[in-house]
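Before any comments, here is the structure.
Quick note: the coordinates plus some simple rules give every number you see, no bench work behind them. Computed from a predicted structure; not experimentally measured. Virtual Cβ from ideal backbone geometry, glycine too; neighbours counted across all protein chains shown.
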Amino acid sequence: MATDTQRHQGTAGVKIGLAEMLKGGVIMDVTTPEQAQIAEQAGAVAVMALERVPADIRAAGGVARMADPGIVKAINAAVEIPVMAKARIGHFVEAQVLQALEVDYIDESEVLTPADEQYHIDKWDFNVPFVCGARNLGEALRRIAEGAAMIRTKGEPGTGNVVEAVRHLRTVLGEIRRVTAAPSEELGTLAKEFGAPLELVRRVKEMGRLPVVHFVAGGIATPADAALMMQLGADGIFVGSGIFKSQNPAAMARAIVRATLHYNDPAIIAEVSESLGQAMPGLEMSTLAQSDRMQERGW
Amino acid sequence: MRIGVLAIQGDVREHRRHLERLGIDAPEVRAPQHLDGLAGLIMPGGESSTIGMLMSESGLLDALGQRIRAGFPVYGTCAGMILLANRVEGARGPFPAWLAGLDITVARNAYGRQVQSFEADIPVAELGPEPVRVVFIRAPKVLSHGPGVRVLGSLDGEPVLVEQGALLASSFHPELTDDLRIHRYFADKVRQSQEAAAVASAGP
């Protein structure tokens, strides 16, 4: 046997690399091993292991925390696709626990109740990669500066209403266009305006996009919603409550996967949308009190 | 010369960029008719169950399988290697083979979960003295291979880059580095396959 080749783990290349493999795919919230298998069979590229989906977190109120490790382990054992799990914003010990459980990605998420109102987790400290939410380019680049290897625009979780997801994606893409159009001498001022590191603003100008994979989340409830986000320019889709709060989760899951692939083909989107039963019940944004808006968490 | 990149899901953009840097036109392949006019195909990294399922639904799996049996060159990275393999193992038992053209048995995620994902440098004699930086992401492991399979690169004695006829497969992702040598190697294979086909059709 040859001597052991040196293996470099937890590198930026490896962390960002897994997100690259998820592109064009759908990541689904699940709360049981059975749901995880339904998601896998429907073609999900990863699952998010949770104790409750966002709609139920919203309904239950109180403090929402990391899932029970037992649930995470059971879901880890049930599927071959990557398993993600959520830690509270700033709660680096929940993140340490999730890393010890060998989840494949940690979502430092506004869906849970923040543990720290000043600081996010120092994500460079971990071997496991992180995805974080953002509503605009500055927020996205601050998370990347802290070590996030993937960004998802936030939307408004648990509402089944896509309007905030659209707003946040359009905001980020619009601000990227401002950066790419700006001459180099204006980048410092833009960085100040966005509250983002100049180095990352330069990267955005070079690449013409975020320096990491860019998914969308928060309110996607139908195949047409998913295709809308893809046509607007998302790299892929998180569906939270939209699958398992719908009338027929297996069919809805498969339909959203197909619509995400064929996002430019209205005939296929029509075909997959037919006879799916009820989508999840939706919430109008104006009925949400400011304090109930999860997107305001994080900064 | 046109080499398509399977664009169901995964790191399509990175493979296309590598091919374009070699001056090769690299259209996206999402449906059976997109295979027409291609000299070869790259299947990217991604989730093999998702990609296989969607290829099967559109008829692309059957169309590509037929071409592979007729000698069509295909390079599969990671998920692409799983799709090419004759035998696929999972943590909870075997999976049905997808395209079944490459005489290897692979185990999904057998290099470990994401926290064990890694980069390393390995020698590949075919590509010259400079080692190749290999990026393994929840990578499949080649457990065994038939006599027709040639091992081009190994990590600690285990095959990670293999070829058989016009097929090439790697457990790792050369598209995530700046090294173009493996893509160039595949492009040369595609060119040779085209020349061989031209000679055959010209007849005696």
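With each pseudo-label sitting 7 Å past Cα toward Cβ, what's the residue B:191-residue B:28 distance in nm, one decimal?
Modelled inter-label distance: 2.9 nm.
Using 0.36 nm per residue of separation minus the Cα-Cα distance, give me the extension gain between residue A:290 and residue A:199 in nm, one decimal.
29.4 nm
Please list, in chain and number order, the residues 5+ apart from residue B:155 or on another chain whose amide H is under 5 Å from its amide H, with Hs placed from the backbone.
Correct list: B:160.
Considering every Cα-Cα pair within region A:1-67, what fraction, in whole percent, is farther apart than 19 Å?
Of all Cα-Cα pairs in region A:1-67, 56 percent lie more than 19 Å apart.
Between residue B:151 and residue A:102, what is the spin-label point distance in nm, taking each point 7 Å from the Cα along the Cα→C-beta axis?
2.4 nm
What does the charge count near residue A:8 come to, summing +1 for each Lys or Arg and -1 for each Asp or Glu among other residues with Cβ under 10 Å from its Cβ?
Around residue A:8, the charge tally is 0.
Rule-of-thumb check for the protein assembly as shown: C-alpha Rg over 2.2 N^0.38 Å?
Dividing the Cα radius of gyration by 2.2 N^0.38 Å gives 0.96.
As a quick test, which of the pairs A:15/A:123; A:23/A:154; A:15/A:245; A:123/A:154; A:86/A:245 have an alpha carbon distance above 21 angstrom in this structure?
Those over the limit are A:15/A:245.
Averaging the inverse of every distinct alpha carbon separation and then flipping it gives the Kirkwood radius. What is it for chain A, in angstrom units?
Value: 19.3 Å, from the Cα pair sum.
In region B:33-137, which trypsin sites (Lys or Arg not before Pro) are in a loop and have at most 14 other Cβ atoms within 10 Å, using DSSP for the loop call?
Here the sparse-neighbourhood loop sites are B:92.
Starting at the first residue of region B:68-81, write each ³J(HN,Hα) from the Karplus equation 6.51 cos²θ - 1.76 cosθ + 1.60 with θ = phi - 60°, in whole Hz, x for Gly and Pro.
Once rounded to whole Hz, the list reads 4, 5, 8, x, 5, x, 9, 10, x, 9, 6, 4, x, 5.
With the Cα gyration tensor of region B:3-202 in hand, convert its eigenvalues to equivalent ellipsoid semi-axes via √(5λ) and list them largest first in whole Å.
Computed over region B:3-202, the values are 23, 20, 17 Å.
R0 = 25 Å: FRET efficiency of residue A:271 with residue A:209, Cβ-based, nearest 0.05?
0.20
Ranked highest first by average number of other Cβ atoms within 10 Å, how do A:65-73, A:42-50, B:48-56 line up?
For the peptides A:65-73, A:42-50, B:48-56, the packing ranking is A:42-50, B:48-56, A:65-73.
Hydropathy first: keep DSSP H helices in chain A averaging at least 0.0 on Kyte-Doolittle, then drop any whose Cα extent along the axis falls short of 24 Å, and list what survives.
Length and hydropathy pass: A:163-181.
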